[in-house]
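To start, the structure itself, in structure tokens.
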Amino acid sequence: MDFEDKTAIVTGGAKGIGRGIALELARRGSNVVIADLDEEAAREVVAEIKSGGSQSYYCETDVTQQWSTDDMIEVTIEEFGHVDVLVNNAGVGGASGFTTRKTPSVEDWQATFDVNVYGIVNGTQSVESYMVERGYGKIVNIASVAGRGGRPGFATYAASKAAAINVSQAWAFKLAPHGINVNTVCPGLIWTPLWESIAERRKSTGQPSTGLTPRQIFQQTVSELVPLGREQTADDVGNAVAFLASDRASSITGQALNVDGGIRQN
Ligand SMILES: NC(=O)c1ccc[n+]([C@@H]2O[C@H](COP(=O)([O-])OP(=O)(O)OC[C@H]3O[C@@H](n4cnc5c(N)ncnc54)[C@H](O)[C@@H]3O)[C@@H](O)[C@H]2O)c1
């Protein structure tokens, strides 16, 4: 198994894509720390991982706070002895109430950059000196196909994801001499609580799909945008992350891999 005796941290691992990544790493033998704000959902994932035979631990974490990501690394080392993989996955679509706003507010810009960009920066800054000292480490950041190019309507989120891709490349250069790989996965369309809130926003702001349920809005978007004609799953993303976090990908760094059914060719 790729991750036997390895320990991975997944931020935002309590739900959606993060949960899928955490379960996939655990299936491949990793201990997994779920670093999230949502304790109840996180504890369910921890229990699911343990029932599958791997070790897991919940660490209450707010990725927007450097002290909290510092704590996340410290607690993981105390619990499992080492950190091999950090998946910076936590992300938001906007500030509280963004689903009701057609035009993003200042708070929406702040929240998307705080979580989607500084969340990656904080997590990476908290672990890098430790990984450098060991001469080993894998960092996988979750951006989005939205970060590959501007589109109308959701510039806050898309711009934060473009920044996420860019900071990942910067850290890949910085950490490469120390044997540390930093890569990005750009998911396409996955039905999670986040996408549900995006669909609710479209509905409540009267965008084209009014009259459809959030799930129908999602399905319509999939059929309009995805050449392969199907939605992506948290497992699809988990498989890509597991590859990039494994020693099989040791010659790959600074890359951004779309897992999007062909939405973007860049
Ligand atoms: N769902 C999609 O279609 C899609 C597509 C492209 C990219 N993404 C990205 O994938 C990642 C996961 O998205 P998802 O759809 O699973 O979202 P989600 O809302 O379903 O889950 C996000 C998780 O992050 C946690 N979280 C939020 N803020 C946090 C913080 N400050 N500190 C710690 N944890 C925090 C939440 O509690 C939740 O468990 C995000 O970065 C998102 O932008 C999602």
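The values are calculated or read from the model by the stated rules, or taken from the named source; none is laboratory data. As the structure is a computational prediction, the values presented were derived from the model and not from experiment. Positions of Cβ are generated from backbone atoms using ideal geometry, with glycine treated the same way; all protein chains shown enter the neighbour counts.
If a residue has to be polar (S, T, N, Q), more than 19 Å from Ala176 (Cβ to Cβ) and assigned to a helix (DSSP H, G or I) to count, how many in the range 127-146 make the cut? Number of matching residues: 0. Each residue in the range 151-189 was checked for being out of contact with any Gly (no Cβ under 7 Å at 6 or more places or on another chain), within 14 Å of the ligand (Cβ to nearest atom) and not aromatic (Phe, Trp, Tyr), and 10 of them qualify.
Regarding Ile165, is this residue aliphatic (A, V, I, L, M) and either outside any helix (DSSP H, G or I) or touching a Ser or Thr at 6+ places or on another chain (Cβ under 7 Å) (or both)?
yes
Would you check if there is a residue in the range 218-228 being over 21 Å from Phe98 (Cβ atoms) and in a strand (DSSP E or B)? Scanning the range 218-228 turns up no residue that is over 21 Å from Phe98 (Cβ atoms) and in a strand (DSSP E or B).
Please work out which one of (1) out of contact with any Leu (no Cβ under 9 Å at 6 or more places or on another chain); (2) more than 27 Å from Gly179 (Cα to Cα); (3) touching a residue at least 24 places away in the same chain (Cβ under 8 Å) is the condition Gln55 fails and give its number. Every listed condition holds for Gln55 apart from (2).
One residue alone among Ser126, Ser204, Ser160 is in contact with a helix residue (DSSP H, G or I) (Cβ under 7 Å, 6 or more places away or on another chain) and modelled with pLDDT under 95, and that residue is Ser204.
Of all residues in the range 34-48, which are of a type outside the set (Gly, Ala, Ser), closer than 7 Å to Glu60 by Cα and surrounded by 19 or more Cβ atoms within 10 Å (Cβ to Cβ)? If the condition is that a residue be of a type outside the set (Gly, Ala, Ser), closer than 7 Å to Glu60 by Cα and surrounded by 19 or more Cβ atoms within 10 Å (Cβ to Cβ), then Asp36 is the only one that fits.
Filter the range 229-254 for residues that are assigned to a loop (DSSP other than H, G, I, E, B) and surrounded by fewer than 16 Cβ atoms within 10 Å (Cβ to Cβ) and give the result. Before you say what the answer is, go through the steps one by one.
Of all residues in the range 229-254, those assigned to a loop (DSSP other than H, G, I, E, B) come to 229-231, 233, 245-246, 250-254.
Matches in the range 229-254: Gly229, Arg230, Ser250, Ser251, Ile252.
Going by the structure shown, is Leu175 touching a strand residue (DSSP E or B) at 6+ places or on another chain (Cβ under 7 Å), over 24 Å from Thr156 (Cβ atoms), modelled with pLDDT of 95 or more and among the hydrophobic types (A, V, I, L, M, F, W, C)?
Numbers: touching a strand residue (DSSP E or B) at 6+ places or on another chain (Cβ under 7 Å): yes; over 24 Å from Thr156 (Cβ atoms): yes; modelled with pLDDT of 95 or more: yes; among the hydrophobic types (A, V, I, L, M, F, W, C): yes.
When the stated conditions are applied, Leu175 passes them.
Listed by first and then second residue, the pairs linking a residue in the range 89-102 that is without any contact (Cβ under 8 Å) to a residue 40 or more places away in the chain and of a type in the set (D, E, K, R) to a residue that is part of a helix (DSSP H, G or I) and within 12 Å of the ligand (Cβ to nearest atom), with Cβ atoms under 6 Å apart and 6 or more places separating them unless they lie on different chains, form an empty list.
Candidates Tyr118, Tyr157: the one that is surrounded by 22 or more Cβ atoms within 10 Å (Cβ to Cβ) and either touching a residue at least 24 places away in the same chain (Cβ under 8 Å) or in a helix (DSSP H, G or I) (or both) is Tyr157.
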